[in-house]
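**Q** Okay, handing you the structure first.
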């Protein structure tokens, strides 16, 4: 299969990179077209891909449209896949099939040049169909993450956590939408538990102030930006995603891969994947009491904790591992070829 992967902006950049390399390493011809991003460009080149970097400017940026058309024609592309709405506005018409991939519950106005639309979750795919787009032209192109099951856990001492203490883990940018203040308030209701949050962002000062106000400095720590996601997940007893509103991020799937029990708020992204009571627990948004109660339930019920962890691992292997996701992508995209 010959596929052009087109992205403008930083949205979905991690999955874009992973999928481009996975397709290429499995024998498919991938032509990356990206907006300026030196880090992404370097990583793609390290993976033996040669990205074309374009500006993706305003309505009068005819050069980007021309260059994309030229690369599609020269490479005899069969599919042109836009990973963002901005990228989709620059898709030229031709003998290839234009596909737009949505990773959130937003409108499809920018995807008017796409013959097919894809959702990164089944929930988003249903949302697209319910918005009036032909269900026959809606695809499911899910995300995948690395397999962390064999990762060695980071030492508790390095995290400032006693070896035998129950440990909650939060991951992701320190932004209000992530709801880490709710996690901190929940930790205040769990005097025997420790909590670490790995990430950086504009809410650091406010979160640090909250930790001090609740006198949690000994049990709750902000770790800053980390690159050892797998090691942190293997060290944690429960991964907590306390988001207020968001599409599905990679963290839940990473916890699935690490066989770490998942506790999340019932927002669109997590609701589309986590099966409450089967492979994770879901609680209402902005409810520290419910979050604390669910965390206590997981810690106090060994059978539940093992059940959630094993079911999550099975979901990862069957649906969100590189092998499983590659199969889903190829099944969907190959149906579009002449």
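**Q** So residue 45 fits all but one of (1) within 21 Å of the chain's Cα centre (by Cα); (2) part of a helix (DSSP H, G or I); what number is the exception?
**A** (1)
**Q** State which residue is surrounded by the fewest Cβ atoms within 10 Å (Cβ to Cβ) when the search covers only the range 4-22 and only residues that are modelled with pLDDT of 90 or more and more than 14 Å from residue 141 (Cα to Cα). Full working, then the answer.
**A** Within the range 4-22, the subset modelled with pLDDT of 90 or more is 4-8, 15-22.
Then drop every residue that is not more than 14 Å from residue 141 (Cα to Cα), which leaves 4, 6-8, 17, 21.
Values: 4: 23, 6: 31, 7: 27, 8: 24, 17: 22, 21: 19.
Applying the filter and picking the extreme gives 21.
**Q** Right, next: Mind checking which residues of the range 57-88 are modelled with pLDDT of 95 or more and not in a helix (DSSP H, G or I)?
**A** 75, 76, 77, 78, 79, 80, 81, 82, 83
**Q** Of the residues 197, 211, which single one is crowded, with 16+ Cβ neighbours inside 10 Å, assigned to a helix (DSSP H, G or I), touching a strand residue (DSSP E or B) at 6+ places or on another chain (Cβ under 7 Å) and outside the structural domain of residue 108 (by TED's automatic domain parsing)?
**A** On the way: 197 fails: assigned to a helix (DSSP H, G or I).
Only one candidate qualifies: 211.
**Q** Here is a further query. Among the numbered criteria (1) under 11 Å from residue 236 (Cα atoms); (2) assigned to a strand (DSSP E or B); (3) free of Cβ contacts under 8 Å to residues at least 40 places away in the same chain, which single criterion is violated by residue 168?
**A** (3)
**Q** Follow-up. Mind telling me which of the residues 181, 147, 152 ends up being farther than 29 Å from residue 17 by Cα and surrounded by fewer than 21 Cβ atoms within 10 Å (Cβ to Cβ)? Lay out the reasoning, then the answer.
**A** Values: 147 fails: farther than 29 Å from residue 17 by Cα; 152 fails: farther than 29 Å from residue 17 by Cα.
Only one candidate passes the filter, namely 181.
**Q** Only one residue in 174, 168, 189 is in contact with a strand residue (DSSP E or B) (Cβ under 7 Å, 6 or more places away or on another chain) and within 20 Å of residue 284 (Cβ to Cβ), so which one is that? Spell out the reasoning first.
**A** Working: 174 fails: within 20 Å of residue 284 (Cβ to Cβ); 189 fails: in contact with a strand residue (DSSP E or B) (Cβ under 7 Å, 6 or more places away or on another chain).
Just a single option satisfies the conditions, and that option is 168.
**Q** Within the range 190-208, is even one residue under 20 Å from residue 104 (Cβ atoms) and under 18 Å from the mean Cα position of the chain (by Cα)?
**A** If we filter the range 190-208 for residues that are under 20 Å from residue 104 (Cβ atoms), which is where we start, we get 199, 201.
Applying the additional criterion that residues be under 18 Å from the mean Cα position of the chain (by Cα) yields 199, 201.
Among the residues of the range 190-208, at least one is under 20 Å from residue 104 (Cβ atoms) and under 18 Å from the mean Cα position of the chain (by Cα), which makes the answer yes.
**Q** Restricting attention to the range 95-114, report how many residues are within 19 Å of the chain's Cα centre (by Cα) and either surrounded by fewer than 17 Cβ atoms within 10 Å (Cβ to Cβ) or assigned to a loop (DSSP other than H, G, I, E, B) (or both). Show your work before the answer.
**A** Of the range 95-114, the ones within 19 Å of the chain's Cα centre (by Cα) are 100-106.
If we keep only those that are either surrounded by fewer than 17 Cβ atoms within 10 Å (Cβ to Cβ) or assigned to a loop (DSSP other than H, G, I, E, B) (or both) as well, we get 103-106.
Residues that pass the stated criteria total 4.
**Q** Next up: Quick check, is residue 231 part of a loop (DSSP other than H, G, I, E, B) and more than 14 Å from residue 187 (Cβ to Cβ)?
**A** Details: part of a loop (DSSP other than H, G, I, E, B): no; more than 14 Å from residue 187 (Cβ to Cβ): yes.
It is false that residue 231 is part of a loop (DSSP other than H, G, I, E, B) and more than 14 Å from residue 187 (Cβ to Cβ).
The values are calculated or read from the model by the stated rules, or taken from the named source; none is laboratory data. In this text, all values refer to a predicted model and were calculated from it rather than measured experimentally. Note: ideal-geometry Cβ built from the backbone for every residue, glycine included; neighbour counts use all protein chains shown.
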